[in-house]
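Engineer: My questions will all concern the structure given below.
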Ligand code: SAH
């Protein structure tokens, strides 16, 4: 088995929308190199269809009022060629006050909480702003359980921790991808952690990543939010705005009273519609966070 490596030269303002589209098209991993974006697709993909889809993305950009000019090329990498360039591109990164995301072959920094993610199979290596934003917000709203770190001001008591330590709390990750957010929650000490994804490849990757992190208390389910039973102290959903709007009722139904839901994946300009849908479902806005063109929000019951 091999991979297709696409090199896409696209102006920075159009890049986030491109990342979204590439992940919808089944992209295994994306890295941003400033002047260009490198994206990987699995062998066996309908390459002609994929080329057309990427080409027709110009119209999407035009419709969104963004610069539609970009160029791309691609080549085929056999499995033998694959390991080295891939490894070089996935270097460990620190996220938030405590996390360090690293590929399986890197050695962990003992002062940080390691999240070991094999980026080979699904979206969510932590190199994307929305994943980073979710991790920072998860950390912020569950920090009561974390050891104090020098120079870090302790946050005000997180909403979801009223009446109990983090170990008695539960966490649901909707659209878990590589499982990174579920793994982070489990590492922070959430006692019951569930990740759900419609993509069977993501389900496999998340299960494998959970094992790799030696976390046996994470359950990964294939399906949508309504495939999961029970209610949770914290929910993370890093999904496109349209999906967040569609599942607002499901998020409200799965969130415990005083629980918090962390939403990300919204592009600037879409956040009001998402928050309106959340409000209609009975969830109040707690905070919004802007990272470039991306918006994340925290809502609560
Ligand atoms: N949570 C990871 C990955 C986010 S990518 C991170 O923060 O980095 C979004 C994931 O949501 C993809 O793996 C996709 O397969 C999944 N997804 C898309 N629509 C979904 C839906 N309606 N229900 C569950 N998962 C969904």
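The values are calculated or read from the model by the stated rules, or taken from the named source; none is laboratory data. Predicted model only: the values in this text are computed from it and were never measured. Note that each Cβ is placed from the backbone with ideal geometry, even for glycine, and that neighbours are counted across all protein chains shown.
Engineer: If I ask for residues that are in a strand (DSSP E or B) and surrounded by fewer than 16 Cβ atoms within 10 Å (Cβ to Cβ), which ones from segment 255-270 would you list?
Structural biologist: Within segment 255-270, 257, 258 qualify.
Engineer: Hey, can you tell me all the residues within segment 99-128 that are surrounded by fewer than 19 Cβ atoms within 10 Å (Cβ to Cβ) and either at pLDDT below 65 or in contact with a strand residue (DSSP E or B) (Cβ under 7 Å, 6 or more places away or on another chain) (or both)?
Structural biologist: Of everything in segment 99-128, those that are surrounded by fewer than 19 Cβ atoms within 10 Å (Cβ to Cβ) and either at pLDDT below 65 or in contact with a strand residue (DSSP E or B) (Cβ under 7 Å, 6 or more places away or on another chain) (or both) turn out to be 104, 108, 109, 112, 114.
Engineer: Is there any pair with a first residue in segment 116-137 that is over 18 Å from residue 293 (Cβ atoms) and a second that is more than 9 Å from the ligand (Cβ to nearest atom) and modelled with pLDDT under 75 whose Cβ atoms are under 8 Å apart and which are 6 or more apart or on different chains, and what are they?
Structural biologist: Sorted first by the residue in segment 116-137, then by its partner, the pairs are 119/86; 119/90; 120/86; 125/90; 125/119.
Engineer: Follow-up question, since we're still on this one. Does residue 291 qualify as being surrounded by fewer than 21 Cβ atoms within 10 Å (Cβ to Cβ), modelled with pLDDT of 95 or more and touching a helix residue (DSSP H, G or I) at 6+ places or on another chain (Cβ under 8 Å)? Reasoning before the result, please.
Structural biologist: Details: surrounded by fewer than 21 Cβ atoms within 10 Å (Cβ to Cβ): yes; modelled with pLDDT of 95 or more: no; touching a helix residue (DSSP H, G or I) at 6+ places or on another chain (Cβ under 8 Å): yes.
For residue 291, the condition - surrounded by fewer than 21 Cβ atoms within 10 Å (Cβ to Cβ), modelled with pLDDT of 95 or more and touching a helix residue (DSSP H, G or I) at 6+ places or on another chain (Cβ under 8 Å) - is not met.
Engineer: For residues that are near the ligand (Cβ under 10 Å from one of its atoms) and either modelled with pLDDT of 95 or more or within 11 Å of residue 174 (Cβ to Cβ) (or both), tally how many sit in segment 226-261.
Structural biologist: The total comes to 12.
Engineer: Okay, next question. Which one of these does residue 222 not meet: (1) within 14 Å of the ligand (Cβ to nearest atom); (2) at pLDDT 95 or above; (3) in contact with a helix residue (DSSP H, G or I) (Cβ under 9 Å, 6 or more places away or on another chain); (4) within 26 Å of residue 279 (Cβ to Cβ)?
Structural biologist: Every condition holds for residue 222 apart from (4).
Engineer: Another question, if that's okay. Given the criteria at pLDDT 80 or above and crowded, with 20+ Cβ neighbours inside 10 Å, does residue 18 qualify? Write out each step before concluding.
Structural biologist: On the way: at pLDDT 80 or above: yes; crowded, with 20+ Cβ neighbours inside 10 Å: yes.
Yes; evaluated as a whole, the condition is true for this residue.
Engineer: Right, here's the next one. Give the number of residues within segment 56-77 that are surrounded by fewer than 14 Cβ atoms within 10 Å (Cβ to Cβ) and in contact with a strand residue (DSSP E or B) (Cβ under 8 Å, 6 or more places away or on another chain).
Structural biologist: Qualifying residue count, segment 56-77: 4.
Engineer: Check residue 213 against each of (1) out of contact with any helix residue (DSSP H, G or I) (no Cβ under 6 Å at 6 or more places or on another chain); (2) touching a residue at least 12 places away in the same chain (Cβ under 8 Å) and name the one condition it does not meet.
Structural biologist: It is condition (1) that residue 213 fails.
Engineer: Within segment 264-286, is even one residue within 12 Å of the ligand (Cβ to nearest atom) and in contact with a strand residue (DSSP E or B) (Cβ under 9 Å, 6 or more places away or on another chain)?
Structural biologist: Within segment 264-286 (the criterion being within 12 Å of the ligand (Cβ to nearest atom) and in contact with a strand residue (DSSP E or B) (Cβ under 9 Å, 6 or more places away or on another chain)), the answer is yes, since at least one residue qualifies.
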